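Notes to accompany the following structure.
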Amino acid sequence: MMKMDVKVYEKLRKYNRIPGYEWNPDTTHILYRDVPIFLVTPQEMDAAIRLEDLDVIREHKDCPLLILTDKKRVLAVDPQGYNYARYVCVIDVETARTILNRV
């Protein structure tokens with residue numbers, strides 16, 4: 001499992017799509033250290049986007065933030081709380097590119 005520091009610019013509740021990425025790194029953000037990154041199948045990624053329950057999210061519900069990727073898309077998820085009201089997070093475009101280049 002890979003880990004990396006991630007800047008979160010905004011949290012969006014009940015947002016059933018991948019949020020846009022922040023282009024300006026100087027925008028106000030919260031830095032999360034050593035965020036675990038999980039490689040999932042495209043079907044699991046689609047399910048996570050639809051706010052469905054996933055084993056990887058349930059197993060790591062104590063983490064403040066998780067990154068899911070299917071090698072084409074990156075989704076930052078707050079795993080705490082109910083799946084139908086889960087928060088997805090806006091991260092910066094450079095972090096998303098770095099994740100996609102590393103997996």
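The values are calculated or read from the model by the stated rules, or taken from the named source; none is laboratory data. All of these numbers come straight from a predicted model, not from anything done at the bench. Cβ atoms come from the backbone with ideal geometry, glycine included; neighbour counts cover every protein chain shown. The protein model used for the area step is the full one, side chains on, heavy atoms only, and it has no ligands, DNA or RNA in it. Shrake-Rupley method; radii C 1.70, N 1.55, O 1.52, S 1.80 Å.
Just checking, does segment 83-93 include any residue being at pLDDT below 95 and among the small types (Gly, Ala, Ser)? Within segment 83-93 (the criterion being at pLDDT below 95 and among the small types (Gly, Ala, Ser)), the answer is yes, since at least one residue qualifies. Candidates Pro64, Pro25, Pro36: the one that is surrounded by fewer than 17 Cβ atoms within 10 Å (Cβ to Cβ), in contact with a Phe, Trp or Tyr (Cβ under 7 Å, 6 or more places away or on another chain) and either assigned to a helix (DSSP H, G or I) or not acidic (Asp, Glu) (or both) is Pro64.
Residues in segment 75-100 that are outside any strand (DSSP E or B) and open to solvent by less than 20 Å² (accessible area, probe 1.4 Å): Pro79, Ala85, Arg86, Val93, Thr95, Ala96, Ile99.
Does Arg58 satisfy being open to solvent by less than 20 Å² (accessible area, probe 1.4 Å) and among the charged types (D, E, K, R)?
Working: open to solvent by less than 20 Å² (accessible area, probe 1.4 Å): no; among the charged types (D, E, K, R): yes.
Considered against the rule, which asks whether it is open to solvent by less than 20 Å² (accessible area, probe 1.4 Å) and among the charged types (D, E, K, R), Arg58 comes out as no.
Taking segment 30-82 only, how many residues are modelled with pLDDT under 95, among the small types (Gly, Ala, Ser) and touching a strand residue (DSSP E or B) at 6+ places or on another chain (Cβ under 8 Å)? So the count comes out to 2.
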